[in-house]
1. Taking amide H atoms as placed 1.01 Å from N in the peptide plane, list the residues 5 or more away in sequence, or in a different chain, whose amide H sits under 5 Å from that of A:Thr125.
2. Pull up the cross-link candidates among the lysines for B:Lys308, meaning alpha carbon to alpha carbon under 28 Å and not fewer than 8 places away within one chain.
3. ³J(HN,Hα) across region B:220-234 via Karplus (A = 6.51, B = -1.76, C = 1.60, θ = phi - 60°), whole Hz, x for Gly/Pro?
4. Along the charge dipole of region B:277-390, which of B:Ala281, B:Ser364, B:Leu313 sits closest to the positive end, that is, farthest toward it, with unit charges on the beta carbon of Lys, Arg, Asp and Glu (+1, +1, -1, -1)?
5. In percent, how large is the relative contact order of chain B, given Cα pairs closer than 8 Å and 6 or more residues apart?
6. Taking all pairs of distinct Cα atoms, average 1/r, flip it, and tell me the Kirkwood hydrodynamic radius of region A:164-272 in Å to one decimal place.
7. To the nearest whole number, what is the average tally of beta carbon atoms from other chains within 10 Å of the beta carbons of peptide A:80-91?
8. Charges only on Cβ, +1 for Lys and Arg, -1 for Asp and Glu: so what's the dipole of region B:292-385 about the Cα centre, in debye to the nearest 20?
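No value in this document is a laboratory result; all are computed from the given coordinates. Keep in mind the model is a prediction, meaning the values are calculated, not measured. Glycine gets a Cβ as well: all are built from the backbone with ideal geometry, and neighbour counts include every protein chain shown.
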2 protein chains.
Amino acid sequence: MATACSSSEPLWAGGAPSVGLSFRLEATDGRARAGVLTTPRGEVRTPVFMPVGTQATVKGTAPEELAELGVAMVLANTYHLHLRPGEDVVAHLGGLHRFMHWDGPILTDSGGFQVFSLSGLRRITEEGVSFRSHLDGSSRFLSPESAVAIQRALGSDIAMCLDECTPYPAEYSVAECSMQLSLRWAARCKAAWEASVAGQGALFGIVQGSTYPELRRRSAEETVAIGFDGYAVGGLSVGEPKEAMLEAAAVALAALPGDAPRYLMGVGTPEDLVEGVRLGADMFDCVMPTRNARNGMLFTAGGRVVIKNARYLRDASPVEDNCGCYTCRNFSRAYLRHLFVSREILAMRLLTLHNLSYYMRLMSQLREAVVRGEIEAFARRFHARRAGGDTDEA
Amino acid sequence: MATACSSSEPLWAGGAPSVGLSFRLEATDGRARAGVLTTPRGEVRTPVFMPVGTQATVKGTAPEELAELGVAMVLANTYHLHLRPGEDVVAHLGGLHRFMHWDGPILTDSGGFQVFSLSGLRRITEEGVSFRSHLDGSSRFLSPESAVAIQRALGSDIAMCLDECTPYPAEYSVAECSMQLSLRWAARCKAAWEASVAGQGALFGIVQGSTYPELRRRSAEETVAIGFDGYAVGGLSVGEPKEAMLEAAAVALAALPGDAPRYLMGVGTPEDLVEGVRLGADMFDCVMPTRNARNGMLFTAGGRVVIKNARYLRDASPVEDNCGCYTCRNFSRAYLRHLFVSREILAMRLLTLHNLSYYMRLMSQLREAVVRGEIEAFARRFHARRAGGDTDEA
């Protein structure tokens with residue numbers, strides 16, 4: 001941490017949120033919400049799960065398949081696309097949507113998380129973060145302003161502020177300094193966003209504060225004071241205990257305005273999605289459904305299926321009865337096991353489609369439960385049902 | 001070669017060809033033919049190219065995509081499926097078609113070629129071939145009878161006789177002995193085929209004889225004397241010069257009956273397909289379109305495209321103008337290059353679809369040229385047009 005911990009003056013004064021995004025609630029049930037996020041590229045029913053398209057592709061899928069699964073919105077990684085092929089290339093080719101042939105809304109992260117998790121030799125200053133590319137070792141620098149500029153060039157529908165992802169565990173004072181740096185960067189991101197040639201799109205602020213409820217509350221309040229189109233809760237699912245994660249998320253979410261969308265970043269397991277919705281989050285992303293699929297781990301209502309297990313050698317049934325995804329409609333567990341152990345490309349694809357189908361169905365069920373005022377009963381049934389499944393998890 | 005070279009008595013006496021397959025010619029142009037192969041699973045217009053589905057999947061594709069590209073028939077590898085998951089597993093799951101979700105006809109090879117090219121410590125006797133699995137080193141034995149039984153269990157529509165793939169180069173006497181062994185095995189395959197519980201399907205004989213025209217002629221005549229539903233020319237594209245390959249193919253094809261389908265095994269490049277059709281072959285298979293795609297090499301009417309080349313970094317055009325495949329309709333060369341250098345699964349898939357589309361279109365054009373009596377003009381134009389393209393081939 002090369003940054004002095006300082007300043008309590010207002011970080012931002014005035015300026016209306018960007019145009020291009022609106023959010024309305026359709027129902028609430030306790031803290032849980034069902035809403036509609038309206039973007040220039042269509043409506044997104046919330047709570048929504050966004051599959052991760054790190055390198056401008058949701059690994060193993062084609063865009064039409066995502067649409068068929070009910071995916072409304074995807075996430076792309078600014079860090080990866082900045083390094084390769086470069087936002088100038090993407091812009092030259094008409095922006096990210098045309099580049100990857102995805103017409104729906106795209107949320108881009110700021111690149112900060114990957115700088116902290118993937119790159120070597122990073123150095124944080126007030127100005128921004130220096131790092132080395134994990135691809136070629138080249139020296140790079142990311143600032144709040146450049147993070148906004150890159151996301152603008154990509155043509156993001158929802159851009160995220162650059163923040164410092166506080167490592168876990170962090171002492172209170174370290175977490176506080178880090179949170180305050182993120183707030184100053186957030187103000188600079190907003191200024192850069194409003195100064196930039198406005199395309200369509202919106203900018204979200206990010207609440208930090210590690211696992212300290214008091215810091216989470218302050219971070220939320222001060223981020224809201226700056227004023228964004230929506231608010232994310234960041235810096236969770238980074239190694240902290242589940243209870244600490246949920247408590248920090250709960251405090252942060254409760255401190256955010258009811259009329260703006262709330263995004264719980266990098267979350268999570270199916271169980272986490274259920275809890276996140278109960279706590280009032282509207283948006284989620286995670287590599288878990290796609291990454292676990294590539295490792296042969298499948299989600300089902302009855303628990304997890306590790307497809308390589310010998311018990312599936314002659315199993316003619318689909319991964320999940322009544323699933324309805326392309327994989328379950330047409331292929332047996334035995335065939336999927338064969339493809340997986342044979343390291344066939346089609347395995348990655350079929351397993352990914354199923355896991356995304358599972359996630360989409362879960363989100364749809366969660367929304368329905370909120371609309372019916374049955375989220376608590378749904379959550380109880382959900383946790384009880386998922387006691388089964390394989391234990392040799394990938 | 002543990003086999004004594006012996007015997008000139010008739011190898012087979014009587015027995016009608018299997019039911020389930022018929023072939024009719026619709027047009028000829030010189031030696032080139034346009035026909036229709038009628039199988040219990042539908043009609044196949046010839047000349048036909050069969051993509052290779054080694055492990056019960058044409059790598060990188062889903063069955064519906066193959067159908068959309070106009071693929072009528074695929075090839076699956078008996079050797080691979082015998083070792084994993086085992087033909088008993090495939091049979092338990094309803095046969096190869098249901099297993100891999102492909103409703104069209106499937107041709108299976110005998111397994112012999114892979115025994116010779118992939119496995120270690122093989123030993124050939126009159127009875128068959130002993131070898132070690134390339135997967136786990138286990139000892140295995142393949143005979144004409146077991147090759148037929150495995151293909152029956154898989155539910156093949158067109159099964160192939162077990163033959164010895166004569167190594168190249170081979171002295172005349174070695175090639176002759178090998179050819180005669182293949183003939184004796186062919187007779188045993190036919191006997192086993194007719195003695196087995198007949199499902200639908202047909203059995204093809206295979207002409208061997210290395211690059212010796214006299215051996216190719218004799219092998220063809222004696223294979224025809226045994227009598228099969230169709231005839232393949234095997235043992236080519238194994239390292240011999242192009243001219244020797246074409247001469248051997250020409251002699252063998254000319255010695256085969258006009259009313260049976262002729263299959264030029266393992267061929268080949270687009271140029272080879274044009275020449276094969278000119279010489280009177282009706283069926284082809286090769287891993288080239290799929291394997292080269294995975295290595296980033298694309299076929300186009302204007303020559304080959306090596307997608308990783310830096311010249312495509314900002315290239316907004318499709319792989320091939322007027323192609324019409326899913327890849328060319330929706331994605332730029334720049335995006336494909338990005339996916340390929342990022343080692344994304346979607347790259348393998350999109351590049352494979354294009355190459356198969358190219359192969360299917362070429363076969364369709366060849367058939368049309370035969371029907372119009374313009375095969376020679378087509379071949380001349382084809383070879384002239386393909387002078388361009390990238391030279392750094394994958």
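1. A:Ser130
2. A:Lys59, B:Lys59
3. Values, residue by residue: 4, 4, 6, 5, 5, 5, 5, x, 10, 6, x, 9, 10, 10, x Hz.
4. Of the options given, the answer is B:Leu313.
5. Worked out over chain B, it gives 18 percent.
6. The Cα-based Kirkwood calculation yields 14.0 Å.
7. Numbers: counts 1, 2, 0, 0, 3, 9, 3, 0, 1, 6, 3, 0.
The shielding value for this peptide is 2.
8. Roughly 260 debye, rounded to the nearest 20.
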